[in-house]
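The values are calculated or read from the model by the stated rules, or taken from the named source; none is laboratory data. Every value quoted in this text rests on a predicted model; they were computed, and no experiment measured them. Virtual Cβ from ideal backbone geometry, glycine too; neighbours counted across all protein chains shown. SASA here: full protein model, heavy atoms, side chains in, ligands and nucleic acids out. Shrake-Rupley method; radii C 1.70, N 1.55, O 1.52, S 1.80 Å.
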Amino acid sequence: MSRTSILRAASAVLFLCGAAAAHAQGPSGQLVGLGDKCVDVFQSGTDAGTPVVLWECTGNPNQQWAFDEIRNVPIDQFFLYEIVGLGGQCLQPGAVGDSGFVELEMGPCGTTNSEWGTSSLTADFRLTHESTQLCLDVLGSNTANGTPMILFECRDQANQRFRLLGNSDLPAYFVPFVETDLFDGLTTLFAVRNPSADTSVTVRLAYYATDRGPGQPTASQDRVLAPRGVQTVDVRNVPGLGVFSGWVGITSIDPTTGLPLSEQDLYGDFFRVNDAGNAASGDRLVSAADVQCGEWHSRFFNGGVFSGGTRFQIFVPELPEGATQWSLRGRVYDEQGNFVDSFTTVSTLNVTTVVPSFLAQPFGAIEWEFLDGAQGHISAVMTALGRFSVGLETECRD
């Protein structure tokens, strides 16, 4: 028997002898697959044997899955999990169905039949059933609602690739960015620093286009920061990015598992740079807490004794459940506190720049309110004469 086989057998024995009580709660969320549809417990059944299918994502409890860690030491680069769903039951293979393949169903946890292996739970990953060494698969690459989930020979193809979409997806820090294809144009530079005096840290930089959610990075980079080290990035030079605007997710990860660390001790900043206008403005990194805010206050400068004005960059990393767009209302006040105007911005994008149409007011403040459950972050940039820019602090008022 090979060393790997011995380790697998030993792992199974430990599990059957009571290791189930020591499972660690891992990431959770919707398991999204082919066609951006979700792995779903059919008709929210809670009985053992309830089929598991592909279905349009709803966010309902029958599409929520928790990855409970069985083994946190990799064997053949695989980590072992139970995938726990509705009613506390586990994803597992059932009988051969009408499809001619073994179809997935819900069943009791704590058996070798409910063990799944994967090399990572970040980005697009594959799930291998530990006992059979077959992969979770969407039957026939069919994206119709109700398509059975089956076991099939593992292949590098789209109907065996999944991502976990949920709270665990949100990075620890964010940078809303813009970039152009021309050198003499607008771009974003950002820096991330490891403040530790004695420990290196691996940081994952995941770049997202404006029209995509957290589970679909356009490009991704892992960087090792030495103690007190800094990583500086010009998004204009990121290979494979090729989008005008979006956001960067920044997260410290365990380099072995690829999973986020429980402690996220990073700091940094970002600058919007306009080479053509010879101007730049800066701000600190946006933390996850910063984007979970529905009401903001900010100052503005428009016209007056100079030629220029204030732009507001609105950053919404996730749409509210079931929504296809987000809305933001601004209420404008002059320096004496008098109400001047109100306006509403509606967008489907994660990052939007707003130039309010109240230029008659040279100075004042705005009270912002995200509508219908949306949350996000607002930053302001005042530019004068096209020669310099200043970042203006905005404040969360939740």
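Listed here are the residues, each with its yes/no results for (1) in a strand (DSSP E or B); (2) open to solvent by less than 50 Å² (accessible area, probe 1.4 Å); (3) at pLDDT below 90.
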position: W296; (1), (2), (3): yes, yes, no
position: G303; (1), (2), (3): no, yes, yes
position: Q313; (1), (2), (3): yes, yes, yes
position: R329; (1), (2), (3): yes, no, no
position: T352; (1), (2), (3): yes, yes, yes
position: S389; (1), (2), (3): yes, yes, yes
- Message: Considering only residues that are touching a helix residue (DSSP H, G or I) at 6+ places or on another chain (Cβ under 7 Å) and either charged (D, E, K, R) or more than 25 Å from E69 (Cβ to Cβ) (or both), which ones fall in region 102-129?
- Response: R126
- All conditions in (1) open to solvent by 20 Å² or more (accessible area, probe 1.4 Å); (2) modelled with pLDDT under 95; (3) touching a Phe, Trp or Tyr at 6+ places or on another chain (Cβ under 8 Å) are true of Y208 except (1)
- Which members of region 38-54 meet the condition of being at pLDDT below 95 and crowded, with 21+ Cβ neighbours inside 10 Å? C38
- Note on the structure: When (1) open to solvent by 30 Å² or more (accessible area, probe 1.4 Å); (2) farther than 24 Å from R272 by Cα; (3) outside any strand (DSSP E or B) are applied to A374, the one that fails is (1)
- Query: Is there a residue being assigned to a loop (DSSP other than H, G, I, E, B), open to solvent by 50 Å² or more (accessible area, probe 1.4 Å) and at pLDDT 75 or above anywhere in region 275-289?
  - Reply: yes
- Some residue of region 71-80 being in a helix (DSSP H, G or I) and buried (at least 21 other Cβ atoms within 10 Å of the Cβ): no
- Filtering region 309-358 down to residues that are without any contact (Cβ under 8 Å) to a residue 24 or more places away in the chain and either farther than 22 Å from L392 by Cα or out of contact with any Lys or Arg (no Cβ under 6 Å at 6 or more places or on another chain) (or both) yields Q325, Q336, G337, N338, F339, D341, F343, V346, S357
- Message: Would you confirm whether or not region 217-235 contains a residue that is in a helix (DSSP H, G or I) and at pLDDT 85 or above?
- Response: yes
- When you look at G240, is it at pLDDT below 80, in contact with a strand residue (DSSP E or B) (Cβ under 6 Å, 6 or more places away or on another chain) and open to solvent by 40 Å² or more (accessible area, probe 1.4 Å), yes or no? yes
- Query: Out of all the residues in region 112-147, which are open to solvent by 30 Å² or more (accessible area, probe 1.4 Å) and outside any loop (DSSP other than H, G, I, E, B)?
  - Reply: T112, N113, L139, G140, S141
- assigned to a loop (DSSP other than H, G, I, E, B), modelled with pLDDT of 90 or more and hydroxyl-bearing (S, T, Y) - does that describe any residue in region 189-196? yes
- What is the residue count in region 83-107 for residues that are touching a strand residue (DSSP E or B) at 6+ places or on another chain (Cβ under 7 Å) and assigned to a loop (DSSP other than H, G, I, E, B)? 5
